[in-house]
Amino acid sequence: MPKQPMIVGQPVLIVVDIQKSAFIQDYDNGIPHMPNFFENQKRARTMVDAAHDNDIPVIFFQEIHRKNLIDYGRELDGSEDIHCLEGNPGTPVAVEEMGMRETDYFIHKRRYSCFFGTELEILLRGLKAETLILVGCLTDVCVHYTFADAHQSDYYCRVAKDCVAGSSLAAHEASLNAMEYLQTGAVLSSEELITGMAAQKQAAA
């Protein structure tokens, strides 16, 4: 099939689980991570700023779990330790660090995909979204599963490869390759996407 345009219709930026833990030095978030894990999350601020500058809706997600662990399900059966507990200093969304505004949207989630058990689908319909742009972590878990669910819901999906971070470099790259397999042209640099956002706004003017 032919490669689709970078942005089709109404874009929305989805910020997946960029929380205070990324900005607290030596914070143990209970999750394995690749080199440049925190740097890539911090770089996502450029995408948030560009979305604001170009009138693109931004949706922030926060993974959060109850202190009695009742809502983890099978999440702790693999490589991850306890993480994102309510009340922990690293759990809140990085509001100041990421330039989150009162006009942005905010959703809690208890599972990996931003679609699972949340109001995201209702919100996207209200926003008339067609293209979803993803930043955040983990590339190989929450970002990947959100991308796959969005793809299966027929959204155009794009991911800023330098603004996502995985549990390992190999897992990060494998997931980016898997996403590119689903939609040719999905994996782009933040610079390319920021240029595309500005061009889309200019074309609509």
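From 47, 6, 100, 34, which residue is in contact (Cβ under 8 Å) with a residue 24 or more places away in the chain, over 29 Å from residue 122 (Cα atoms) and of a type in the set (A, V, I, L, M)?
34
Could you please find all residues in segment 1-37 being out of contact with any strand residue (DSSP E or B) (no Cβ under 7 Å at 6 or more places or on another chain) and within 21 Å of residue 109 (Cα to Cα)?
Scanning segment 1-37 gives 20, 21, 22, 23, 28, 29, 30, 31, 32.
I'd like the full set of residues that are among the polar types (S, T, N, Q) and at pLDDT 95 or above, limited to segment 154-177.
Once the filter is applied, which keeps residues that are among the polar types (S, T, N, Q) and at pLDDT 95 or above, segment 154-177 yields 168, 175, 177.
Any residue in segment 118-131 that is of a type outside the set (Phe, Trp, Tyr) sitting within a Cβ distance under 6 Å of a residue that is part of a loop (DSSP other than H, G, I, E, B)? List the pairs, counting only those 6 or more apart or interchain.
Qualifying pairs under 6 Å: 120/114; 127/57; 130/8; 130/9; 131/7; 131/8.
Go through segment 113-145 residue by residue and tally those that are in a loop (DSSP other than H, G, I, E, B) and either of a type in the set (Val, Ile, Thr) or closer than 16 Å to residue 184 by Cα (or both).
1
Suppose we keep only residues that are in contact with a helix residue (DSSP H, G or I) (Cβ under 6 Å, 6 or more places away or on another chain) and of a type in the set (S, T, N, Q) within segment 1-51. Which one would you say is surrounded by the most Cβ atoms within 10 Å (Cβ to Cβ)?
Taking the candidates together, the pick is 41.
Among the small types (Gly, Ala, Ser), assigned to a helix (DSSP H, G or I) and surrounded by fewer than 17 Cβ atoms within 10 Å (Cβ to Cβ): which single residue out of 174, 148 fits that description?
Just one listed residue meets the conditions, 174.
Is it true that residue 133 is among the hydrophobic types (A, V, I, L, M, F, W, C), touching a Lys or Arg at 6+ places or on another chain (Cβ under 8 Å), surrounded by 14 or more Cβ atoms within 10 Å (Cβ to Cβ) and under 21 Å from residue 52 (Cβ atoms)?
So residue 133 fits the description; yes.
In segment 189-196, is there at least one residue being in contact (Cβ under 8 Å) with a residue 60 or more places away in the chain, part of a strand (DSSP E or B) and surrounded by fewer than 20 Cβ atoms within 10 Å (Cβ to Cβ)?
Among the residues of segment 189-196, not one is in contact (Cβ under 8 Å) with a residue 60 or more places away in the chain, part of a strand (DSSP E or B) and surrounded by fewer than 20 Cβ atoms within 10 Å (Cβ to Cβ), which makes the answer no.
Filter segment 152-169 for residues that are among the charged types (D, E, K, R) and in contact (Cβ under 8 Å) with a residue 24 or more places away in the chain; which is surrounded by the most Cβ atoms within 10 Å (Cβ to Cβ)?
My answer is 158.
Scan segment 93-115 residue by residue and report those that are in contact with a strand residue (DSSP E or B) (Cβ under 7 Å, 6 or more places away or on another chain) and farther than 23 Å from residue 10 by Cβ.
Passing the criteria: 93, 94, 108, 110.
Restricted to segment 1-54, and to residues that are of a type in the set (S, T, N, Q) and in a helix (DSSP H, G or I), which residue is nearest to residue 169 (Cα to Cα)?
Checking each candidate, the answer is 40.
Being at pLDDT 80 or above, in contact with a Cys (Cβ under 6 Å, 6 or more places away or on another chain) and farther than 17 Å from residue 135 by Cα is the filter here; which residues of segment 53-105 pass it?
Once the filter is applied, which keeps residues that are at pLDDT 80 or above, in contact with a Cys (Cβ under 6 Å, 6 or more places away or on another chain) and farther than 17 Å from residue 135 by Cα, segment 53-105 yields only 91.
The values are calculated or read from the model by the stated rules, or taken from the named source; none is laboratory data. Bear in mind that the values here come from a model prediction, so they are computed numbers and not experimental data. Backbone-built Cβ (ideal geometry, glycine too); neighbour counts: all protein chains shown.
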